[in-house]
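Report on the following structure.
Read the figures in this text as sums done on the coordinates, not as results from a lab. Bear in mind the structure is a predicted one, so any value in this text is a computation, not a measurement. All Cβ positions, glycine included, derive from the backbone under ideal geometry; neighbour counts span all protein chains shown.
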Amino acid sequence: MFTGIVEELGEVVSLDVSPDGGDARLVAHGPTVTADVRHGDSIAVSGVCLTVVDFADGTFVADLMAETLDRTAAGSWRPGTAINLERSVTPSTRLGGHLVQGHVDGVGTITARVEHDRYDEVRIGVPADLGRYLAGKGAVAVDGISLTVIDVVDSADGTEFGVGIIPETRKATTMGARRVGDRVNIEVDVMAKYAERLLGFHAGGGSRSERVGSA
């Protein structure tokens, strides 16, 4: 479990994808998150919860399975790619963002970026099956960053929502360099998914199969 408050802007050292594309091994640089790391710890890498299998000299190694490569933007990472890093929460951690599982629900695309005096408004398009979990003033994790949804606009082509990026977020996360057309990992609020599931049972739809939030 994470909070969506990025601790460090790290970097991909390498991403070695197997010949059949079924899995990959990531080596990432992050001196802050590896300062007290242990084998088996969880680290959120741009919103993707990964397990540390090795570490040394400020870097850590993690394995990615096919599901993660298919459902997140991780497959496009290359050496030098900037990544948001956060260690898992502890009982004494301040919950400065919201509860983030590190289970990416899908990939969105930045459709617009508008600069204001004190913040940038970034608009992101997502498929309708993710858009139904978004609400104005609700929470969303974008590349592992806890953000507040400004508004939500639904259309026949999907859903678009806006978030505000303050100067601190620009400086401390990958959102500072994100531009129109970039793909970002999206994790919707888990409480919205549970609410839909419970309502489905009450409406007699409890047998419906779901495949959301499995990366």
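The table for this structure:
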read-out: Relative contact order for the stretch 1-108, counting Cα pairs under 8 Å that sit 6 or more residues apart, in percent; value: 40
read-out: Calculated FRET value between Arg170 and Ile150, using beta carbons and R₀ = 22 Å, to 0.05; value: 0.85
read-out: For Met191, Met175, order by how many other beta-carbon atoms lie within 10 Å, fewest first; value: Met191, Met175
read-out: Share of alpha-carbon pairs per 5 Å distance bin for the chain, given as whole %; value: 1, 7, 15, 19, 20, 16, 11, 7, 3, 1, 0
read-out: D (Stokes-Einstein, µm²/s), Kirkwood Cα radius, the stretch 48-160, 1.567 mPa s at 4 °C; value: 80
read-out: Candidates Gly138, Gly106, Gly30: whichever shows maximal mean-square fluctuation once the chain is modelled as a Gaussian network with Cα springs under 10 Å; value: Gly138
read-out: Mean separation of Cα contacts under 8 Å (6+ apart) over length of the chain, as relative contact order %; value: 23
read-out: Semi-axis lengths (Å, descending) of the ellipsoid that matches the C-alpha gyration tensor of the stretch 106-202; value: 24, 14, 11
read-out: The stretch 1-85: trypsin sites (Lys or Arg not before Pro) in DSSP coil with no more than 16 other Cβ atoms inside 10 Å; value: Arg38
read-out: Nitroxide proxy distance, nm - points 7 Å out along Cα→Cβ at Arg38 and Leu198; value: 3.5
read-out: Rg/Rh for the stretch 8-87, where both radii come from Cα atoms and Rh is the Kirkwood radius; value: 0.93
read-out: Mean-position separation - Cα centroids, the stretch 59-82 and the stretch 122-144, in angstrom; value: 21
read-out: Using θ = phi - 60° and Karplus 6.51 cos²θ - 1.76 cosθ + 1.60, couplings along the stretch 105-121 (whole Hz; Gly, Pro as x); value: 8, x, 10, x, 10, 5, 9, 7, 9, 10, 8, 10, 4, 10, 6, 10, 9
